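K.L.:
Supplied in structure tokens, the structure appears directly below.
The values are calculated or read from the model by the stated rules, or taken from the named source; none is laboratory data. Model, not experiment: these values are computed from the prediction. Heads up, the Cβs are rebuilt from the backbone with ideal geometry, glycines too, and the neighbour counts pull from every protein chain shown. Areas reflect the complete protein model, heavy atoms only, side chains present, ligands, DNA and RNA absent. Shrake-Rupley method; radii C 1.70, N 1.55, O 1.52, S 1.80 Å.
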Amino acid sequence: MLDVFFTIDVEIWCDGWTDIDRKFPEAYRKYILGPTSRGDYGLPFQLQMLADHGVLGTCFVEPLFSTRFGPQPLADIVGLIQDQGQDVQLHMHTEWVDESIKPLIADTSTKRQHLFHYTLEEQTELIRAGAAMLAEAGASGIEAFRAGSFGFNLDTLRALATNGIRFDSSYNATMFGPASGVRPGEQLIEPVECENVVEYPMTVFTDGLGSPRHTQLTSCSFGELESLLWQSLEAGRKSFVILSHNFELLNPGKTAPDPVVIARLEKLCRFFERHRDSFRTCGFKDLAPHIVDTQPAPLRTSFMKTGRRILEQAYRRKYS
């Protein structure tokens, strides 16, 4: 049995940092609800598809925006997720820190994009504040964290441990993971314990062109994901972490549904529904972790499956 974590990073952007108070209501509608002329394809649609197939996901919810726009939108998001029986955990984009009406930390003089730009003390304060915001919004049992844009470091794990958060899923070997200071000299593929926190890395693979990639709904064909899942099961791996976002079923302009990505998600949900005896979709609440001693090599996919993805992506760019 392979533990599969279908993770959704839930976040809102105002498409820039000017005039954000005026832009926010429309940004909320666009990024969370996803209205189009053909229906709504945002977070509620995605959650409903997971529920229809009995797939448990983890929603890493970004709460810092609420320090500028008030607590109700965050409470609405948490309610949407928990009403569908899905897992709510903590996500943070520190670009919001200097936009807060009330300072979250002492130094808010500049915009710092990544969490690793903050000291251990600052990270500890920010994580404490973010977890409290989610709790006040109605989330129960915050046990896991993911840094915005995977921009974390070793201090992040120390700050999580101080705040009693047991799991992290910020390590991405295709981005900042190798430079994070977590288990230097190794490329993390499977769960490890570090600084009293269990790290669940993003699943990464080498595609048919020899390029490293992480498993993301918008970046992998269903054929690639299916092949990688079976490879992981057959190799006796312990976890498989997939990334999505609340707006990934929309085109880049957030004006229309993306039929290619919607079809991928539906195929993936049906796959998990058919193969419950082999793949367990799970969240981080009350999770008994499977920690490994030796890291395996990254998975690989064939040129044919990668070629199919390239054709799909070309179609999406032209018609979505």
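K.L.:
Looking only at segment 33-50, count every residue that is open to solvent by less than 20 Å² (accessible area, probe 1.4 Å), in a helix (DSSP H, G or I) and touching a strand residue (DSSP E or B) at 6+ places or on another chain (Cβ under 6 Å) and tell me the total.
P.N.:
Count: 1.
K.L.:
Sticking with this one: For segment 298-309, state whether one or more residues are at pLDDT below 90, part of a loop (DSSP other than H, G, I, E, B) and either more than 20 Å from Glu226 (Cα to Cα) or open to solvent by less than 20 Å² (accessible area, probe 1.4 Å) (or both).
P.N.:
yes
K.L.:
Next question. How many residues does segment 63-89 hold that are assigned to a helix (DSSP H, G or I) and farther than 27 Å from Trp17 by Cβ? Can you show your working first?
P.N.:
Initially, segment 63-89 is screened for residues assigned to a helix (DSSP H, G or I), giving 66-69, 72-83.
With farther than 27 Å from Trp17 by Cβ added as a condition, the list becomes 79, 82-83.
So the answer is 3.
K.L.:
Go through (1) in a loop (DSSP other than H, G, I, E, B); (2) open to solvent by 30 Å² or more (accessible area, probe 1.4 Å); (3) under 21 Å from Ile127 (Cα atoms) one by one and return the number of the condition Asp15 breaks.
P.N.:
(3)
K.L.:
Spot the failing condition for Pro25; the list is (1) within 13 Å of Gln86 (Cα to Cα); (2) in a helix (DSSP H, G or I), and only one is missed.
P.N.:
(1)
K.L.:
If you don't mind, there's one more thing I want to ask. Restricting segment 124-183 to residues that are among the hydroxyl-bearing types (Ser, Thr, Tyr) and part of a loop (DSSP other than H, G, I, E, B), which is surrounded by the fewest Cβ atoms within 10 Å (Cβ to Cβ)? So that I can check it myself, show each step before the final result.
P.N.:
From segment 124-183, those among the hydroxyl-bearing types (Ser, Thr, Tyr) are 124, 140, 149, 156, 162, 169-171, 174, 180; that's our starting set.
Filter again for part of a loop (DSSP other than H, G, I, E, B), leaving 140, 169-171, 174, 180.
On the way: Ser140: 11, Ser169: 27, Ser170: 31, Tyr171: 29, Thr174: 18, Ser180: 26.
Taking the candidates together, the pick is Ser140.
K.L.:
Follow-up question, since we're still on this one. Report, by residue number, each residue of segment 51-81 that is open to solvent by 10 Å² or more (accessible area, probe 1.4 Å) and within 22 Å of Leu217 (Cα to Cα). Can you show your working first?
P.N.:
The initial filter retains those residues of segment 51-81 that are open to solvent by 10 Å² or more (accessible area, probe 1.4 Å), namely 51-54, 56, 66-73, 75-76, 79-80.
Correct list: Ala51, Asp52, His53, Gly54, Leu56, Leu80.
K.L.:
Among the residues of segment 48-66, is there at least one that is over 18 Å from the mean Cα position of the chain (by Cα), under 17 Å from Ala137 (Cα atoms) and modelled with pLDDT of 95 or more?
P.N.:
Yes, there is a match, as at least one residue in segment 48-66 is over 18 Å from the mean Cα position of the chain (by Cα), under 17 Å from Ala137 (Cα atoms) and modelled with pLDDT of 95 or more.
K.L.:
Can you confirm whether segment 97-111 contains a residue that is open to solvent by 30 Å² or more (accessible area, probe 1.4 Å) and closer than 23 Å to Tyr200 by Cα? Before you say what the answer is, go through the steps one by one.
P.N.:
Here is the first cut: in segment 97-111, the ones open to solvent by 30 Å² or more (accessible area, probe 1.4 Å) are 98, 101-104, 106-111.
Within this subset, residues satisfying the condition of being closer than 23 Å to Tyr200 by Cα are none.
No, segment 97-111 contains no residue that is open to solvent by 30 Å² or more (accessible area, probe 1.4 Å) and closer than 23 Å to Tyr200 by Cα.
K.L.:
Specify which of the listed residues (Glu143, Glu190) is modelled with pLDDT of 95 or more, within 21 Å of Pro212 (Cβ to Cβ) and among the acidic types (Asp, Glu).
P.N.:
Numbers: Glu143 fails: within 21 Å of Pro212 (Cβ to Cβ).
After applying the criteria, what remains is Glu190.
K.L.:
Which residue, of His114, His93, is over 30 Å from Val260 (Cα atoms) and out of contact with any Leu (no Cβ under 6 Å at 6 or more places or on another chain)?
P.N.:
On the way: His93 fails: over 30 Å from Val260 (Cα atoms).
One residue alone meets the criteria, His114.
K.L.:
Okay, moving on. When residues of segment 257-291 are filtered for being out of contact with any Pro (no Cβ under 9 Å at 6 or more places or on another chain) and either open to solvent by less than 20 Å² (accessible area, probe 1.4 Å) or assigned to a loop (DSSP other than H, G, I, E, B) (or both), how many remain?
P.N.:
Taking segment 257-291 and keeping what is out of contact with any Pro (no Cβ under 9 Å at 6 or more places or on another chain), we get 257, 259-288.
Adding the requirement that they be either open to solvent by less than 20 Å² (accessible area, probe 1.4 Å) or assigned to a loop (DSSP other than H, G, I, E, B) (or both) leaves 257, 261, 264-265, 268-269, 271-272, 275-279, 282-288.
The qualifying residues number 20.
K.L.:
Would you say Ser221 is modelled with pLDDT of 95 or more, within 17 Å of Lys305 (Cβ to Cβ) and of a type in the set (Gly, Ala, Ser)? Before you say what the answer is, go through the steps one by one.
P.N.:
On the way: modelled with pLDDT of 95 or more: no; within 17 Å of Lys305 (Cβ to Cβ): yes; of a type in the set (Gly, Ala, Ser): yes.
Against the criterion (modelled with pLDDT of 95 or more, within 17 Å of Lys305 (Cβ to Cβ) and of a type in the set (Gly, Ala, Ser)), Ser221 does not qualify.
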